[in-house]
1. Could you tell me whether the range 104-122 includes any residue that is of a type outside the set (A, V, I, L, M, F, W, C), surrounded by fewer than 12 Cβ atoms within 10 Å (Cβ to Cβ) and at pLDDT 95 or above?
2. On the given criteria, is Pro44 out of contact with any helix residue (DSSP H, G or I) (no Cβ under 6 Å at 6 or more places or on another chain) and either loosely packed, with under 12 Cβ neighbours inside 10 Å or of a type in the set (Lys, Arg) (or both)?
3. Can you pull out the residues in the range 123-168 that are of a type in the set (Val, Ile, Thr) and either buried (at least 16 other Cβ atoms within 10 Å of the Cβ) or not in a helix (DSSP H, G or I) (or both)?
4. With the requirement that a residue be of a type in the set (Val, Ile, Thr) and more than 17 Å from Gly12 (Cα to Cα), what does the range 128-146 give you?
5. For the range 128-140, what are the residues that are more than 23 Å from Val47 (Cβ to Cβ) and of a type in the set (Val, Ile, Thr)?
6. Can you confirm whether Gly56 is of a type outside the set (Val, Ile, Thr), farther than 15 Å from Arg162 by Cβ and more than 9 Å from the ligand (Cβ to nearest atom)?
7. Just the residues that are within 9 Å of the ligand (Cβ to nearest atom) and among the β-branched types (Val, Ile, Thr), please, taken from the range 59-71.
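The values are calculated or read from the model by the stated rules, or taken from the named source; none is laboratory data. For clarity, every value in this text was computed on a predicted model and none was experimentally measured. Every residue, glycine among them, receives a Cβ derived from its backbone with ideal geometry; neighbour counts consider all protein chains shown.
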Amino acid sequence: MDLIILGAPGSGKGTQGALLSTRLGIPKISTGDLLRAAARDGTPLGVKAKQFMDKGLLVPDEIILGLIGEVLNSPEAAQGVIMDGFPRTLPQAAAVDELLTPLERRVDRVLLIDVAEEALIDRMVKRAEIEGRADDTPATIRRRQEVYREQTAPLIAFYEGRGIVTRVDGLGTIEEIAKRMQAAAAP
Ligand code: ADP
C-alpha cells in the first residue's frame, strides 16, 4: 500500500505518520528528515537544501525529484511506503506517479490532516521551544504556511479528482487522531 500524508506544516504529519507506520507495518519516509540529515552531514545536497529550508521555502523540484526517485526505488520502500512531506508540488506528484507506475503501484490513498491555520501556528511556536528547529522561527513559520497554501494545497484538488483523498480531523489527542488515521488508511 502506498499512502501520502498531506497537511500544512505543524499539522502532525510526522507524529501521525510514525504511528501509522508502526500500526500498518509500512515504512514512513520523510523528505524533511532526509534533508535535515543531509544538512547535518554537510553533503552537497544538504548544504544546498538548507539555504531554502532555513528561509521557510521549498527546496527546488530539480533537487527534490532525484531524492524522491531514490526514496521510491529503495529496498526499504519495496512493499509500499507512507510518504511524509512529499509530494509537495504538482511536478513532484507527477514524479511519484511516474516512479510507481513501472513498479505496478499507484498512490492508494491520501490522508489529509485538517487543522485550522491559527492552531498550526500556535503548535509550531511551542514545538520551536522544545525542538529548536532552525526553520521554526515566527517569520519562517508564517512563510511556510503561505508556501503550503500556494504550492502544496493544489495537490488536494489533484488527488480529489482521483477520489482518493480522506480528510482526517487533526484536532484532538495524538491517540484520537491516530485512530482516525488508521480508519482512513484502511477503510
Ligand atoms: P513541515 O511540514 O513542518 O514544514 P518538513 O520536515 O516536512 O516539515 O519540511 C521542512 C522543510 O524541508 C520544508 O519547509 C522545505 O524547505 C523542505 N522540504 C521537505 N520536503 C520537501 C519537498 N518534498 N519539496 C521541497 N522541499 C521540501
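1. Yes, the range 104-122 has at least one match.
2. yes
3. Thr137, Thr140, Ile141, Val147, Thr152, Ile164, Val165, Thr166, Val168
4. Thr137, Thr140
5. Ile130 - this is the single residue of the range 128-140 that is more than 23 Å from Val47 (Cβ to Cβ) and of a type in the set (Val, Ile, Thr).
6. no
7. Val59, Ile63, Ile64, Ile68
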